[in-house]
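Undergrad: Pasting a structure below so you can have a look.
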Amino acid sequence: MKTLKERLLRLLKNNEMSQAELAEKIGCTRAAVNQWLRTGREPSPELLKKLAQALSTTPGYILFGEDGTTKSIESEDGYILIPCIDVQASCGGGCNNDNPCLIKLVKVAQEWLRLHAPFANKKSLNIITAVGDSMAPTIHNGDMVILDTSQNSVRSDSMYAFVKDGELFLKRLQRIGNGIRVISDNHLYPPFELTGFDLERVKIIGRVCTIGRFSDL
């Protein structure tokens with residue numbers, strides 16, 4: 001289903017639900033439901049959550065379809081809806097992530113984001129999950145990590161998510177001449193350098209903005 005209205009029509013059919021029943025279930029007018037189905041206009045963040053629950057799906061699927069999205073959404077109530085992707089990044093030996101998909105949208109207050117990630121591009125945020133202990137005590141196994149995916153080159157020393165040989169890592173990267181030094185915060189994991197052909201096989205996915213746990217939308 002390529003458009004929002006096509007997805008909504010399919011979901012209504014799958015749930016054997018009429019427009020009137022949907023409107024009553026989520027507490028909105030029939031005119032609002034009709035507008036979504038007629039024009040494809042996006043519901044408000046509050047109604048989007050109720051809509052997903054009523055139709056047994058996720059907000060991400062309603063907005064973006066099966067392929068998910070890398071687009072953050074600024075809501076009118078002072079929050080940012082950040083796509084949480086079904087991806088694990090290794091703080092250790094690397095993780096394979098075949099066919100990653102959008103799990104849900106995570107609601108984060110803009111004021112909180114300005115405090116903890118003041119230079120992040122609010123339109124290019126994703127949340128992924130860290131596994132392993134090589135970045136402890138900074139990042140722990142199971143921590144959720146917000147990435148700024150507009151930062152896909154190593155412009156300054158910082159933590160980045162990157163892919164090498166099909167595996168996703170979370171490490172601290174430092175520019176050194178024509179290469180990059182890969183550093184783990186856990187002293188049990190020695191640093192190593194990427195140069196030449198090895199460096200060409202690296203793709204920077206995004207810079208780590210902040211780490212923590214966030215309330216689900």
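The values are calculated or read from the model by the stated rules, or taken from the named source; none is laboratory data. Everything quoted here is computed from the prediction, not taken from an experiment. Every residue, glycine as well, gets a Cβ built from its backbone with ideal geometry; the counts of neighbours run over all protein chains shown. For the accessible areas, the whole protein counts, side chains as well, though only heavy atoms, and no ligand, DNA or RNA atoms are used. Shrake-Rupley method; radii C 1.70, N 1.55, O 1.52, S 1.80 Å.
Undergrad: Kirkwood hydrodynamic radius (Cα pairs, Å) of the chain?
TA: Here the Kirkwood hydrodynamic radius works out to 18.8 Å.
Undergrad: What lysines sit close enough to LYS107 to cross-link, taking a C-alpha to C-alpha distance under 23 Å and skipping anything fewer than 8 places away on the same chain?
TA: Here the lysines satisfying the reach criterion relative to LYS107 are LYS25, LYS49, LYS50, LYS71, LYS122, LYS123.
Undergrad: Here's another thing I want to ask about it. Need the full-extension length gain, ARG155 to TRP112, defined as separation in residues times 0.36 nm minus the C-alpha distance. One decimal, nm.
TA: 13.0 nm
Undergrad: Let me ask something else. Could you report the chain's accessible area per residue, 1.4 Å probe, as an integer in Å²?
TA: Value returned for the chain: 53 Å² of accessible area per residue.
Undergrad: For the chain, the longest stretch holding no trypsin sites (Lys or Arg not before Pro) located in a DSSP loop with at most 12 other Cβ atoms within 10 Å is which?
TA: My reading of the result: 42-154 is the longest stretch.
Undergrad: Multiply the residue gap between GLU21 and ASP198 by 0.36 nm, knock off their C-alpha separation, and tell me the result in nm, one decimal place.
TA: Gain on extension, GLU21 to ASP198, equals 58.0 nm.
Undergrad: Now, a different point. If you plug each phi of the stretch 112-127 into the Karplus form 6.51 cos²θ - 1.76 cosθ + 1.60 with θ = phi - 60°, what whole-Hz ³J(HN,Hα) values come out, in order, with x for Gly and Pro?
TA: 5, 5, 4, 6, 9, 9, x, 9, 6, 7, 5, 8, 10, 9, 9, 10
Undergrad: Something else: For the pair SER124 and ASN186, how long in nm is the line joining their label points, each one 7 Å along Cα→Cβ?
TA: 3.0 nm
Undergrad: Could I ask something else about it? Roll a 1.4 Å probe over the protein heavy atoms and report the accessible area of GLU200 in Å², nearest 10.
TA: The accessible area of GLU200 comes to roughly 140 Å².
Undergrad: I would also like to ask the following. Using a 1.4 Å probe on the protein heavy atoms only, what accessible surface does ILE127 show? Give it in Å² to the nearest 10.
TA: For ILE127, the solvent-accessible surface is approximately 0 Å².
Undergrad: Using the Cα centre of the chain as origin and beta-carbon charges of +1 (Lys, Arg) and -1 (Asp, Glu), tell me which of LEU37, ILE62, LEU105 is placed farthest towards the positive end of the dipole.
TA: LEU37
Undergrad: Where Lys and Arg each count +1 and Asp and Glu each count -1, what net charge lies around PHE119 among other residues with Cβ under 13 Å from its Cβ?
TA: Counting the neighbours of PHE119, the net charge comes to +3.
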